[in-house]
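Undergrad: Below you'll find the structure I mean.
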Amino acid sequence: MSAAEQPGFVTVEEYLAAEEKAATKSEYKDGWIRAMSGSILRHNDIAGNCFASLHAWQ
């Protein structure tokens, strides 16, 4: 990627404004925006089971 193609620093306000209109989700860290991959049902099942196990452990 050349210097002309590299995205610049983004403020929190700019990120939040863009995120409201975006069709896909992204994350903001230290002024840079990174696209987030979509989750799949299998991942959601595993995460839910982990949460339920931790919750029951209390």
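The values are calculated or read from the model by the stated rules, or taken from the named source; none is laboratory data. Small disclaimer: the values here were computed from a predicted structure and weren't measured. For neighbour counting, all protein chains shown are included, and Cβ atoms are generated from backbone atoms with ideal geometry for every residue, glycine included. SASA here: full protein model, heavy atoms, side chains in, ligands and nucleic acids out. Shrake-Rupley method; radii C 1.70, N 1.55, O 1.52, S 1.80 Å.
Undergrad: Quick test for you: out of L41, L16, pick the one residue that is modelled with pLDDT of 90 or more and out of contact with any helix residue (DSSP H, G or I) (no Cβ under 7 Å at 6 or more places or on another chain).
TA: Exactly one of L41, L16 is modelled with pLDDT of 90 or more and out of contact with any helix residue (DSSP H, G or I) (no Cβ under 7 Å at 6 or more places or on another chain), namely L16.
Undergrad: Just give me the residues in region 1-13 being at pLDDT below 90 and open to solvent by 70 Å² or more (accessible area, probe 1.4 Å), in sequence order.
TA: M1, A3, A4, E5, Q6, P7, F9
Undergrad: Still on this model: Starting from region 24-47, take each residue that is within 24 Å of V10 (Cβ to Cβ) and list its partners that are surrounded by 11 or more Cβ atoms within 10 Å (Cβ to Cβ) and of a type in the set (G, A, S), counting only C-beta distances under 6 angstrom and pairs at least six apart or across chains.
TA: I33/S26; A35/S26; M36/S26
Undergrad: Further question: Could you check region 47-58 and list, in sequence order, the residues that are exposed (fewer than 10 other Cβ atoms within 10 Å of the Cβ) and assigned to a helix (DSSP H, G or I)?
TA: Passing the criteria: S53, L54, H55, A56, W57.
Undergrad: Condition first: open to solvent by 100 Å² or more (accessible area, probe 1.4 Å) and not in a strand (DSSP E or B). Now tell me which residues in region 25-43 satisfy that.
TA: K25, D30, S37, I40, L41, R42, H43
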